[in-house]
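The values are calculated or read from the model by the stated rules, or taken from the named source; none is laboratory data. Computed from a predicted model, the values in this text were never measured in an experiment. Neighbour counts are summed over all protein chains in view; Cβ atoms, including those assigned to glycine, are modelled from backbone coordinates with ideal geometry. These accessible areas exclude ligands, DNA and RNA; they are computed on the full protein's heavy atoms, side chains included. Shrake-Rupley method; radii C 1.70, N 1.55, O 1.52, S 1.80 Å.
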Amino acid sequence: IISENNERLLRLVNDIFDLSQIDAGVLNFVYSEFDANDLLRELEGLFGMRLNENPLVTLVCEAHLEPIMMHSEKQRIIQVLTNLLHNAMKFTASGEIRFGCRLEGMEEVYFFVSDTGIGIPEEDQKKIFSCFIKLDREMQGTGLGLTLSQTIIQNLGGNLELDSKVNRGSTFSFVLPRVIKPELIKPQP
């Protein structure tokens, strides 16, 4: 319990710090070359262990054997996918959580996290990307994760999308350029 609460507190502090840096226009983005599939496998190992505590939920990672090479901000993409996977775990009591990526043409990569959880009512779907918005006050979290994730993805040249049906689950997705030229990306306000 102490370890879990320490992790939550650290995530909260980091999210607030990152949002403050974004507001100040000084959030660090470090670009490198990597295989998107390696990034997925790394997350599969981490979240697979966490889901061992809930045998009613299956984690499915759709990583490919063929490399999907990117020149982008690997740690920020991991940060967004981690946030989306945490949310999927929170709101999925049984069923599956599926995540992965695939090429969209030759120049873009599509990432997604999908679950069979409680879903999000249509009237609430737009507002969940705003700061401090929580649809369920009983659930843990601060309402900052999706705001931060959307801002990061926008800064990388994409947009975080949502497709959700109540009692059928949610899919969060985004498309990023395979090669990001940092000088061409304009920071989002």
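What the table shows:
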| item | result |
| --- | --- |
| Cut-off under 5 Å, modelled amide H: who pairs with G100 long-range | E62, F112 |
| Estimated FRET transfer efficiency when R0 is 25 angstrom, pair E53-K181 (beta carbons, to 0.05) | 0.05 |
| Label-point separation, R168 to S32 (7 Å along Cα→Cβ), nm | 4.1 |
| Solvent-accessible ranking of V109, V60, largest area first, probe 1.4 Å | V60, V109 |
| Cβ-derived FRET efficiency at R0 25 Å, S94 paired with S3, nearest 0.05 | 0.50 |
| V13/F129 FRET efficiency (R0 22 Å; Cβ-Cβ; nearest 0.05) | 0.55 |
